[in-house]
Amino acid sequence: MVVIKGKLLTGELAKKRGLLDNEFETFITSITLLIEHRIPSFKSFMENFSFIRRLSQLGTLMQTWFCGVKAGTDAFGNVYYHERKTTEGFRERRWVIYAGEPEASKVPPEWHIWLHHTLDAPIPDQSPFRKSWQKPHQQNLTGTPEAYLPPGHVLEGGKRAKATGDYEAWQPEL
């Protein structure tokens, strides 16, 4: 691919004009094919965004395989790890491999305090810190179909209930 006077010449046309060296012919042709045929649309990119996010975690997975020791698993299937050896003078590194999409709000409180070195171990199920009135942990549902929509929200019909008789609108004094 060669640009002459603002025009793009692809591999074959540039070769016919003698503008390509034999060394670069394969490279230029492959780049041309990539640009002309292989670049996904933005929609396709967003559909595969989950794969790209997972691919970006390759370093974490390698660290886990070579340096990690499993510390435990939570009710959501997230697996928690810490380092085999801790360098003297440094804190132990701790991390999580998420089950499914990586989302920080999936970490329940008992593992959150362990990840952030508040406690040396997560709170066990039969702990005096657990209360019967506590609800089970739920991840942040904002942006999902299960998200809370208050009455009157556009996606809930957009109709709010009328104000009751105890409400009086403020009127400025003139």
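A few comments on the model shown:
- Residues of segment 64-108 that are surrounded by fewer than 16 Cβ atoms within 10 Å (Cβ to Cβ), farther than 18 Å from Leu119 by Cα, of a type in the set (Gly, Ala, Ser) and touching a strand residue (DSSP E or B) at 6+ places or on another chain (Cβ under 8 Å): Ala99 alone.
- Single unsatisfied condition, His137 versus (1) part of a loop (DSSP other than H, G, I, E, B); (2) loosely packed, with under 13 Cβ neighbours inside 10 Å; (3) under 26 Å from the mean Cα position of the chain (by Cα); (4) not hydroxyl-bearing (Ser, Thr, Tyr): (2)
- Every test in (1) among the small types (Gly, Ala, Ser); (2) outside any helix (DSSP H, G or I); (3) at pLDDT 90 or above is passed by Ser105 save one, and that test is (2).
- Among residues of segment 57-72 that are farther than 14 Å from Arg93 by Cα, those with a beta-carbon under 6 Å from a residue that is surrounded by 13 or more Cβ atoms within 10 Å (Cβ to Cβ) and of a type in the set (Ser, Thr, Tyr) at least six positions away or on a different chain give the pairs Gly72/Tyr80.
- Only one of Asp166, Asp125, Asp120 that is closer than 30 Å to Gly72 by Cα, modelled with pLDDT under 80 and in a loop (DSSP other than H, G, I, E, B): Asp125
Let's see how each residue does on (1) in a helix (DSSP H, G or I); (2) at pLDDT 60 or above:
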site	(1), (2)
Phe45	yes, no
Met62	yes, yes
Lys70	no, yes
Ala75	no, yes
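The values are calculated or read from the model by the stated rules, or taken from the named source; none is laboratory data. Since the structure is predicted, the reported quantities are computational estimates derived from the model, not experimental observations. Neighbour counts run over all protein chains shown; Cβ positions are idealised from the backbone, glycine included.
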